[in-house]
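Taking it in order: structure first as structure tokens, then the write-up.
The values are calculated or read from the model by the stated rules, or taken from the named source; none is laboratory data. All figures in this text were calculated on a predicted structure; none of them were measured in a lab. Cβ: placed from backbone, ideal geometry, glycine included. Neighbour counts: every protein chain shown.
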Amino acid sequence: MKAIVYKKYGSPDVLELTDIPKPSPKKNEVLIKVHATTVTAGDWRLRKADPFLARIFNGLFKPKRVQILGFELAGIVEEVGEKVTAFKKGDSVFASCGLRFGAYAEYTCLPENELIALKPSNVSFEEAAAIPIGGLTALRLLKQAGIKPGDHVLIYGASGSVGTFAVQIARAYGAEVTAVCGTSNVDMVYQLGAQQVIGYQKEDFTAIERRFNIIVDAVGKTSKSASRHLLKPGGKYMSVVGTPKSAPDDMIVLKDLLESGKLVPVIDRKYILEQIREAHTYVESFRKKGNVVINVI
């Protein structure tokens, strides 16, 4: 099968398209024919070993634990292990690969008890592939903060993958959303449901008078100290820098939101597997809106 591998840390040029053996599922695994994946911050940071601590996880001098990137995917179950009961051959699914990565390939295996769910029928494989990482992260942060109807929520970095999902999920929970993003993305974020959008190039969000029950830093570029004064008594500051773990049913929550039309993935650009270097270069430039999708087949 075709796969993108990397054998050393560095620029997108270290990513190579090659042929490797097709994997076989273990007893508790499903073999997925990957239709689409994405380029996330986790992918390019692990490729580049940025921050340096990535080397502690993946090998000090060269990648050892993960040599095929790809953090999330959508595809069709090709084969199931003998102990698998939740899925069957032919099921359309979407999934987070977790720290095993592996979606930059025509096939990959995942345990059935991982973050996998049946793909909603009202979204494409491209759209479904763009959901797990950003969607799960946004959902975790808001749930951990105890979001409830009527809360006032500030989302910083609202035009990125996590941010676009956070705006929509907060609105689905009945919260009132103020969003902060680049000025060029203000209209898009309004369309996602935010009631107030601040373009950070023109206005300092820390100077606004409104106070919030929850502040979500969706890009890891502000701090609690910089925005503490914006919190109501008992308010919570959440950041992607310290994301809580997913609950077992979080993928089902996202699936339900998608099927009800309350959640729509924002896709900025689409590439094919052979263009993976170009896609990584674009995502690493910090200019993307929402998600960047890679079509594998």
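Of note:
- The range 83-100 - residue that is within 11 Å of GLU29 (Cα to Cα) and of a type in the set (Val, Ile, Thr) and, of those, surrounded by the fewest Cβ atoms within 10 Å (Cβ to Cβ): THR85
- Residues that are outside any loop (DSSP other than H, G, I, E, B) and surrounded by fewer than 21 Cβ atoms within 10 Å (Cβ to Cβ) within the range 274-297 comprise GLU274, GLN275, ARG277, GLU278, THR281, TYR282, GLU284, ASN295, listed in sequence order.
- All of (1) assigned to a helix (DSSP H, G or I); (2) free of Cβ contacts under 8 Å to residues at least 60 places away in the same chain; (3) within 17 Å of ILE133 (Cα to Cα) hold for LEU254 with one exception: (2).
- Residues that are buried (at least 21 other Cβ atoms within 10 Å of the Cβ), within 20 Å of ASP256 (Cβ to Cβ), free of Cβ contacts under 8 Å to residues at least 40 places away in the same chain and of a type outside the set (S, T, N, Q) do occur in the range 155-169.
- Scanning the range 213-239 for residues that are part of a helix (DSSP H, G or I) and under 18 Å from THR178 (Cβ atoms) turns up LYS224, ALA226, SER227, ARG228, HIS229, LEU230.
- Condition met for THR18 (at pLDDT 95 or above, closer than 20 Å to ILE276 by Cα and exposed (fewer than 14 other Cβ atoms within 10 Å of the Cβ)): yes
- Every test in (1) touching a His at 6+ places or on another chain (Cβ under 7 Å); (2) surrounded by fewer than 22 Cβ atoms within 10 Å (Cβ to Cβ) is passed by GLY75 save one, and that test is (2).
- Single residue of the range 198-212 satisfying the filter (assigned to a strand (DSSP E or B) and out of contact with any Leu (no Cβ under 8 Å at 6 or more places or on another chain)) that is surrounded by the fewest Cβ atoms within 10 Å (Cβ to Cβ): GLY199
- Residue in the range 129-142 that is out of contact with any strand residue (DSSP E or B) (no Cβ under 9 Å at 6 or more places or on another chain) and farther than 30 Å from GLY70 by Cα present: no
- Residue pairs meeting the criteria (Cβ under 6 Å; at least 6 apart or on separate chains; first among the acidic types (Asp, Glu), in the range 198-224; second not in a helix (DSSP H, G or I)): ASP217/TYR156; ASP217/SER239
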